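One structure below.
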Amino acid sequence: MVKAVVGANWGDEGKGKITDMLAQQADIIIRFQGGANAGHTIVNKYGKFALHTLPSGVFYDHTTSIIGNGVALNIPLLFKEIKSITDRNVPMPKILVSDRAQMVMPYHILLDAYEEERLGGKSFGSTKSGIAPFYSDKYAKIGFQVSELFDEEVLKDKVDRVCEQKNILLQHMYHKPLIDPDELLETLREYKKMVEPYVCNVSLYLDQAIKAGKTILLEGQLGTLKDPDHGIYPMVTSSSTLAAYGAIGAGIPPYEIKEVITVCKAYSSAVGAGAFVSEIFGDEADELRRRGGDGGEFGATTGRPRRMGWFDCVASKYGCRLQGTTDVAFTVLDVLGYLDEIPVCVGYEIDGEVTTDFPVTYKLEKAKPVLKKLPGWKCDIRGIKSYEELPENCRKYVEFIEEQIGFPITMVSNGPGREDIIYRKSAVRR
Ligand code: GDP
C-alpha cells in the first residue's frame, strides 16, 4: 500500500508533521524529489527538528528511510543531518540511498550563488543550495549518479569532461576561481566512502516491499504551486512536487499509489518571489507570522520570514486537483483562534472578471483577491480530540473551505505534535 503526502500550495503546509504522524503505521518512508533547499519541521518526544534531506520517518525504529532517485542528494549534508539527530538521542535510523540518485556537486552550490549574484534584483530567490544547477545538469545529462562513484575510471573521465565545461563558465561568465579536477575527484572518493554502506537498488527493494504488503509513504517537498509544469513558473522549484512524480522519483508503478494525502494549511504562507494573490502585509501579516506554525512562520532551512496570506480557495482547489487528492489534511487550524473574523480568498478578479480557476502566471500577476469573511471562534482548540467538540464556527470554517475546494478534509491538525490530529468523516467523495 503506497500513500503520498504532498502539499497543495507553496510548501510549508505541515507535510513533515503529517508524515511523521502517518509513519507510526508505515514501514518505509521515501523522499522522491527536491533536495536540502526546504525543510520539514517535526515536533516529537526527542524535541523539535528541522529536516532537510531525511524523510520524516527517521524518528521511529520500525521504519526504513529512503532517499529516492528523484532527490538532489547532497552527501555531506545528509550525513551532517543524520549526526544532528543522533547527537540528540534519536536512534540511528535505517537509511537507504538509491544507486540512481544524483549528487549535488560542490560547484552546483557555487554556481547557484554566482547566478543569484549575477541576476541581482531579478533573482528567483534561490536558497543557494545548488538545486537549480543540479537539475539543469541532470537533464543536460552531465549529472553524477551515486552508482558512478563505484567506477573510478569512468568517474575520472567524466570529472575531467565536466570540469572543462564548468570552468569555461566560471572563467568567462562569472569571473570566479576554477575547479581543480583532481580535488573534485578526491571529494567524490570521500562521498563514496560516506554513502557506500547505504547504497541500494531502491526500485527493486520497493517492488519486493509492495509484494510483501508493506506500507510505504512517499514524502513530497514544497507544494503544487512550486511544480515546474503546473506551478507559478518561473518562480518554481526544479523538480516536480506532484504525487504523480512520486512514482518516478521512487521507482514504483503509478497505479500503486492508492492514497494521496494533500496537506493544506488553514491560512497561506509562501517563500521566495512570485505572485501570491491572498497575501497580507503590515501588522496583520506580522501578527499571523508571529503566531503561525509552531513558533512563527520562518523558513526551516533559511530562517527567512515567510510571506503571509489568507487561505486561498482558488489556489488550493487547483493544488488538490493536480495532486489527485484522496484526502486533505487541514493543518495549523489552532493558530487562527485569535481572529474575530477570518478572511478567505474565494475568487480571483482578473481584468474585471471573477474566476475560481487558477490561471497561468501572467494572468495570476494581475489577479486581485475576492475575500469573504467568516466568523472566528475566539478560543484555543489545541487538545481537542473529536471533530464534534470543535467550536461551531471552527467547524463551519473547515466545511466552508471543503465545499470551496471540493476535496474531502478527513484530517484536521490542531497542534504541531503527532497526537494533535482530529479525524473526520467527510460528506465529499471523489
Ligand atoms: P512542511 O515543509 O510542509 O513540513 O511544513 P513546515 O515544517 O515548514 O511548516 C509547518 C510548521 O507548522 C512547523 O513549524 C510545524 O511544527 C507546524 N505545525 C504543523 N502542524 C501544525 C498544527 O496543526 N498547528 C500548529 N500550531 N503548528 C503546526
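Derivation of every value follows stated rules applied to the coordinates shown; laboratory data play no part. As the structure is a computational prediction, the values presented were derived from the model and not from experiment. Quick reminder, even Gly has a Cβ in these numbers, built from the backbone with ideal geometry, and neighbours come from all protein chains shown.
Data for the structure
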quantity: Inter-site label distance for Phe150 and Ser84 at 7 Å from Cα along Cβ, in nm; calculated: 2.9
quantity: Gyration tensor over alpha-carbon atoms, the stretch 189-240, equivalent ellipsoid semi-axes in Å; calculated: 29, 21, 8
quantity: Diffusion coefficient, µm² s⁻¹, Stokes-Einstein with Kirkwood Rh over alpha-carbon pairs of the stretch 150-252 at 37 °C and 0.692 mPa s; calculated: 189
quantity: DSSP beta bridge pairing in the chain, given as percent antiparallel to the nearest 5; calculated: 40
quantity: Mean residue ellipticity (222 nm) of the chain, computed from DSSP H runs ≥ 4 via -39,500 (n - 2.57), nearest 500; calculated: -9500 deg cm²/dmol
quantity: Stretch gain in nm, segment Glu389-Arg304, where the contour uses 0.36 nm per residue and the Cα spacing is subtracted; calculated: 27.0 nm
quantity: Centroid-to-centroid separation of the stretch 1-64 and the stretch 244-275 [C-alpha atoms, Å]; calculated: 12
quantity: Rg and Dmax of the chain, Cα atoms only, in Å; calculated: 21.7, 68
quantity: Estimated distance in nm for a label pair at Tyr46 and Leu371, the labels positioned 7 Å out from Cα along Cα-to-Cβ; calculated: 4.2
quantity: Under 18 Å from Lys193, Cα to Cα: lysines that are on another chain or at least 8 residues apart; calculated: Lys80, Lys83, Lys94, Lys156
quantity: The stretch 230-271 pair-distance distribution - Cα-Cα, 5 Å bins, rounded %; calculated: 5, 17, 21, 21, 20, 11, 4
quantity: Footprinting exposure proxy for Phe144, Phe330, Phe400, Phe150 (fewest neighbouring C-beta atoms within 10 Å first); calculated: Phe150, Phe400, Phe144, Phe330
quantity: The stretch 278-430 - Debye-derived log10 I(q)/I(0), Cα point model, q = 0.17 Å⁻¹; calculated: -1.12
quantity: Largest to smallest principal axis extent of the C-alpha atoms in the stretch 105-154, angstrom; calculated: 42, 18, 14
quantity: Neighbour-count ranking [beta-carbon atoms within 10 angstrom, fewest first] of Ile401, Ile248; calculated: Ile248, Ile401
quantity: Range in the chain, longest, excluding exposed GluC sites (Glu not before Pro) [loop by DSSP; at most 13 other beta-carbon atoms within 10 Å]; calculated: 1-364
quantity: Rg [Å, one decimal], Dmax [Å, integer] - the stretch 90-207, C-alpha atoms; calculated: 16.0, 48
quantity: GNM top mover of Val146, Val159, Val346 - the chain, alpha-carbon springs below 10 Å; calculated: Val159
quantity: Placed amide H near Ile342: partners under 5 Å, 5+ positions off or other chain; calculated: Leu374, Gly376
quantity: Phe311 long-range amide H proximity, modeled H, under 5 Å; calculated: Ser268, Cys345
quantity: Dimensions (Å) - the stretch 1-104, Cα atoms, principal axes, largest first; calculated: 33, 32, 27
quantity: Per residue convex hull volume, Cα atoms of the stretch 237-360, in Å³; calculated: 145
quantity: Dimensionless Rg ratio for the stretch 1-60, taking C-alpha atoms and the 2.2 N^0.38 Å reference; calculated: 1.05
quantity: Rg ratio (alpha-carbon, reference 2.2 N^0.38 Å) - the stretch 205-287; calculated: 1.41
quantity: Under-5 Å amide H pairs with Lys94, H placed in peptide plane, nonlocal only; calculated: Ser65
quantity: With eigenvalues of the C-alpha gyration tensor scaled by 5 and rooted, the stretch 355-398, Å; calculated: 34, 12, 9
quantity: ³J(HN,Hα), Karplus 6.51/-1.76/1.60, whole Hz, each residue of the stretch 39-51, x for Gly, Pro; calculated: x, 10, 9, 10, 10, 8, 5, 8, x, 10, 10, 10, 9
